[in-house]
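To start, the structure under review is shown below, and the notes come after it.
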Amino acid sequence: MKGFQFSQYVPPEQKEGNKFDHLLNIFQQLLLITSGDVEQAMSWMNQLDRQYGLTDDKYGMGDFFQELKDKGYLTEENAEGQMKMTAKSEQTIRKSALDEIFGKLKRSNAGGNHNTPYTGTGDELSSDIRTYQFGDSLEQISMTESIRNAQINSGVEDFTLMERDLEVTQKEQKTQTSTVLMIDISHSMILYGEDRITPAKKVALALVELVKQKYPKDTLDIVVFGNDAWQIQAKDLPYLEVGPYHTNTVAGLELAMDLLRRRKNKNKQIFMITDGKPTCLKEGIKYYKNSFGLDRKVVSKTLTLAAQARRLEIPITTFMIATDQYLKQFVQEFTKVNNGRAYYSGLQGLGNMMFEDFQRNRRKNIK
């Protein structure tokens, strides 16, 4: 019997297509960091190429840029005549973020809904069997179980299938969920030389693509908040930038709850990504600001909204990108008032935690 024979592994030659895909992945990361500034991202790509030799004599950076245009990732057909991303490029960035952050997610054949522990009217058959009831569809009837019951009740020689013999397969109850994702764009998101907004954008892009692919009946609204709060579209995420803002958490929560009031789904939730304390309120046309510590006036209004969301059965999950003890205490109090959840995360684990809570809340909120 022959044993195993070992030899030196010679990797296959890299094809040009793989070279393009590799460069595209780097380029997409740079587009997020530069908030969609194509020319700046291209400049950085050239610098990386000089430093790390990303290209070779056969396939240069000019070939890569031309291929980006040929394949529809970039275009100069706009009023300014500048190189900009296309809708295809934006979609590719979302898919890339989904693969990177939620890579463990397996494709489902369920058709894009949320399974729950409950049975009832739905789209997909389960393994549970029950007695036939008026209104059940014909395709639900379990013929094997029904014929067996008829044989037992009427015998083989005088076989008769009666209504009492019929058994049906339960259908899985499906749920629809409305989510608002709040993103802090105050100046502290880039304070002390740490880029916190890019990971936040990446997680948001992944969540958008997750909902589009796996839960198309769900709704996902995105709210950004600084001195004020406003709604943005998924296509705006790659271009999102931090501003010279304070943190008006109250404005963000008010807008998020207003958006959820318009949704007819019973299951509603808010995700909030922030790294700082609430420091701002808007009173009429003026702003009340205090960046030094936790201002009692601002905190009180924020906690009032947390309690209001709880009464409306809207859980708030806070992803706190900070480690200051006094900020943790505030988030703990905010979470307790809302009966929500809180995570104190570095930037690395943010995506996985959000995905897990995204799934958990759907099961938890069913009434």
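The values are calculated or read from the model by the stated rules, or taken from the named source; none is laboratory data. Owing to the predicted nature of the structure, the values given are computational and were not obtained by experimental measurement. For neighbour counting, all protein chains shown are included, and Cβ atoms are generated from backbone atoms with ideal geometry for every residue, glycine included. SASA here: full protein model, heavy atoms, side chains in, ligands and nucleic acids out. Shrake-Rupley method; radii C 1.70, N 1.55, O 1.52, S 1.80 Å.
Scan region 55-80 residue by residue and report those that are charged (D, E, K, R), part of a loop (DSSP other than H, G, I, E, B) and either open to solvent by less than 70 Å² (accessible area, probe 1.4 Å) or more than 19 Å from Q28 (Cα to Cα) (or both). Scanning region 55-80 gives D56, D57, K58, E77, E80.
Y344 - would you say it is under 21 Å from the mean Cα position of the chain (by Cα), open to solvent by 50 Å² or more (accessible area, probe 1.4 Å) and in contact (Cβ under 8 Å) with a residue 12 or more places away in the chain? Yes, satisfied. For region 303-327, the candidate set comprises residues that are of a type in the set (A, V, I, L, M, F, W, C) and part of a helix (DSSP H, G or I); within that set, the residue that is farthest from A200 (Cα to Cα) is A307.
Of all residues in region 207-218, those satisfying the criterion of being under 11 Å from the mean Cα position of the chain (by Cα) and open to solvent by less than 40 Å² (accessible area, probe 1.4 Å) are L207, V208, E209, L210, V211, Y215. For the criterion of being of a type in the set (A, V, I, L, M) and surrounded by 13 or more Cβ atoms within 10 Å (Cβ to Cβ), L312 fails. For K201, the test of being at pLDDT below 85 and charged (D, E, K, R) is failed. Somewhere in region 285-293, is a residue among the polar types (S, T, N, Q) and open to solvent by 20 Å² or more (accessible area, probe 1.4 Å)? Within region 285-293 (the criterion being among the polar types (S, T, N, Q) and open to solvent by 20 Å² or more (accessible area, probe 1.4 Å)), the answer is yes, since at least one residue qualifies.
From the list A204, A251, the lone residue that is under 11 Å from the mean Cα position of the chain (by Cα), small (G, A, S) and buried (at least 19 other Cβ atoms within 10 Å of the Cβ) is A204. Hey, does region 257-274 have a residue that's over 17 Å from G226 (Cβ atoms), modelled with pLDDT under 90, of a type outside the set (K, R) and over 21 Å from the mean Cα position of the chain (by Cα)? The answer is no, given that none of the residues of region 257-274 is over 17 Å from G226 (Cβ atoms), modelled with pLDDT under 90, of a type outside the set (K, R) and over 21 Å from the mean Cα position of the chain (by Cα). Candidates in region 227-247 are the residues that are modelled with pLDDT of 95 or more and either in contact with an Asp or Glu (Cβ under 8 Å, 6 or more places away or on another chain) or in a strand (DSSP E or B) (or both); of these, the one that is surrounded by the most Cβ atoms within 10 Å (Cβ to Cβ) is A229.
Scanning region 265-284 for residues that are open to solvent by 30 Å² or more (accessible area, probe 1.4 Å), in a loop (DSSP other than H, G, I, E, B) and farther than 19 Å from R311 by Cβ yields a total of 2. Taking region 254-264 as the range and being more than 20 Å from I321 (Cβ to Cβ) and open to solvent by less than 50 Å² (accessible area, probe 1.4 Å) as the test, the residues that pass are L255, M257, L259, L260.
Looking at M182, M189 in this structure, which one is surrounded by 22 or more Cβ atoms within 10 Å (Cβ to Cβ) and modelled with pLDDT under 85?
Step by step, each of M182, M189 is checked, and only M189 is surrounded by 22 or more Cβ atoms within 10 Å (Cβ to Cβ) and modelled with pLDDT under 85.
The set of residues in region 328-340 being open to solvent by 10 Å² or more (accessible area, probe 1.4 Å) and not in a loop (DSSP other than H, G, I, E, B) consists of K328, Q329, F330, Q332, E333, T335, K336, V337. Of the candidates N265, N248, the single residue that is touching a strand residue (DSSP E or B) at 6+ places or on another chain (Cβ under 6 Å), closer than 28 Å to S137 by Cβ and touching a residue at least 24 places away in the same chain (Cβ under 8 Å) is N265.
Okay, residues lined up against (1) out of contact with any Ser or Thr (no Cβ under 6 Å at 6 or more places or on another chain); (2) among the charged types (D, E, K, R); (3) within 24 Å of Q233 (Cβ to Cβ):
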position: G276; (1), (2), (3): no, no, no
position: K282; (1), (2), (3): yes, yes, yes
position: G293; (1), (2), (3): yes, no, no
position: S300; (1), (2), (3): yes, no, no
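Which of the residues spanning region 28-54 are crowded, with 17+ Cβ neighbours inside 10 Å and outside any helix (DSSP H, G or I)? T34, S35, G36, D37, L54, listed by residue number. The single condition among (1) out of contact with any helix residue (DSSP H, G or I) (no Cβ under 7 Å at 6 or more places or on another chain); (2) modelled with pLDDT under 90; (3) among the hydrophobic types (A, V, I, L, M, F, W, C) that I285 does not meet is (2).
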